[in-house]
Amino acid sequence: METRTLGRTGLEVGVVGLGVEHLNVSRENMDSVFDLGVSAGLNYVDLLYNDPVDSHADHWDAIAPALRRHRDSLVLALHWGLVDHEPIDRCRRCFDRALELLGNGYAEIGMMTMIDSEKTWTGWAQKSIEQLKTYQQEGRVGFIGLSNHNLEVARTAVESGLIDVLMFPVNLYQHPDDEARAALLETCADHGVGVVAMKPYYGGRLIETEGRPSGITPVQCLHYVLSQPLATAVAGPQHTNHLNAALGYVHASDGEREHGSLTEDLTDRLRGQCLECDHCLPCPEGIPISVVVVSTNYLDYYSGTTMSVKFNRDFYSAIPVKASACTECGVCEDRCPFGVEIIAKMHRAVELFETA
Ligand code: SF4
Ligand code: SF4
């Protein structure tokens, strides 16, 4: 597999990386996925689930033996905190236990999770960076990274000189024609910050529409992403079949990789899916429609593990106005340019998230 240098870290990483969010949680599955990936040259692994002490203990029980077995071949990004940005002491306890489970007590990258607001960057993230610098001094962490979905906060972090790695969504839908996104990648290059692309399939939506193949392949998605100035793209497989589809990129022909023709009719191909444009808002009841629709689809079509289901349920429970507030007025469906059946999605969300 082609390798690229991850910015100023100097780490050489395979262009196809692995995200663990959706991996089916069993020893057999983890062993098979890592055996397949490592034999193909995959080495960059993003370890999202940060809590082996409690919430993610099952995941760590399943994945840790495979990580230890392949430890010398891997570049590991171990997450510090999750979406709730837990108290620093709690992060330390989880991080210490995860480092032990890796076998050599070391992670190449300590990755702060979802720093998506200015407040989180100036508050929790700064305290976290102090802690991660201590780990660096102790030789337990190599570099500091940050995952993010917000352009402005990402730019601030990159320009601060405090992070070495940025994990950011790059894909065929969100990236093209967006000058600010392209500029962010250039800023990362100027500052020597290595870029890891997340959501190369736009959360699965580029390759499946409501559970049906869209006609767009993982190879085309990855080729688009890897044509950008970045180091690696983390696919999020559930099992070896999915990983095989991503690894197909490595030996794919130019014809199989070609994606230029997709841009012309991309929105037609994705019709019926929520693309988070928010043209349907405002909802008179105050429902954050795209958040509800995306959470519902995530559970119905893309999520493969009890861990990711819990992650999504926790996320939904924090939504201030939930799908059950829907009066079926229909104004959102009239406004949606992508033909999403929003009212049906509200019903499904109530079934999935609000029915005991
Ligand atoms: S208008 Fe349609 S596609 Fe856009 S956010 Fe609303 S439901 Fe999603
Ligand atoms: S149909 Fe439901 S979700 Fe859509 S605008 Fe009306 S109340 Fe909001």
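Results, tabulated for the structure shown:
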read-out: Count - residues of region 245-266 that are over 16 Å from GLU2 (Cα atoms) and part of a helix (DSSP H, G or I); value: 10
read-out: Unmet requirement for PHE315, which otherwise passes all of (1) touching a residue at least 40 places away in the same chain (Cβ under 8 Å); (2) near ligand 2 (Cβ under 10 Å from one of its atoms); value: (2)
read-out: Pair list, Cβ < 6 Å and 6+ apart or interchain, from region 91-108 residues that are part of a helix (DSSP H, G or I) to residues that are open to solvent by less than 20 Å² (accessible area, probe 1.4 Å) and not hydrophobic (A, V, I, L, M, F, W, C); value: CYS91/GLY81; CYS94/ASN50; CYS94/ASP51; ARG97/PRO52; ALA98/PRO52; LEU101/PRO52
read-out: Filter result (more than 17 Å from MET114 (Cα to Cα) and over 19 Å from the mean Cα position of the chain (by Cα)) within region 161-181; value: GLY161, ASP177, ASP178, GLU179, ALA180
read-out: Condition met for VAL321 (closer than 28 Å to HIS85 by Cα, within 16 Å of ligand 1 (Cβ to nearest atom) and at pLDDT 95 or above); value: yes
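Condition check ((1) free of Cβ contacts under 8 Å to residues at least 12 places away in the same chain; (2) over 23 Å from MET114 (Cβ atoms); (3) part of a loop (DSSP other than H, G, I, E, B)) across all residues:
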residue: ARG4; (1), (2), (3): no, yes, no
residue: LEU18; (1), (2), (3): no, no, no
residue: GLU21; (1), (2), (3): no, no, yes
residue: ASN24; (1), (2), (3): no, yes, yes
residue: GLU28; (1), (2), (3): yes, yes, no
residue: VAL33; (1), (2), (3): no, yes, no
residue: VAL38; (1), (2), (3): no, yes, no
residue: VAL45; (1), (2), (3): no, no, no
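Per-residue answers, yes or no, for (1) in contact (Cβ under 8 Å) with a residue 24 or more places away in the chain; (2) within 16 Å of ligand 1 (Cβ to nearest atom); (3) touching a Cys at 6+ places or on another chain (Cβ under 6 Å); (4) open to solvent by 20 Å² or more (accessible area, probe 1.4 Å):
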position	(1), (2), (3), (4)
GLY204	yes, yes, no, no
THR217	yes, no, no, yes
ALA231	yes, no, no, no
HIS239	yes, no, no, yes
HIS251	no, no, no, yes
ARG257	yes, no, no, yes
GLN273	yes, yes, no, no
VAL291	yes, yes, no, yes
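The values are calculated or read from the model by the stated rules, or taken from the named source; none is laboratory data. Being a predicted model, the structure only gives us computed values, none of them experimental. Quick reminder, even Gly has a Cβ in these numbers, built from the backbone with ideal geometry, and neighbours come from all protein chains shown. SASA here: full protein model, heavy atoms, side chains in, ligands and nucleic acids out. Shrake-Rupley method; radii C 1.70, N 1.55, O 1.52, S 1.80 Å.
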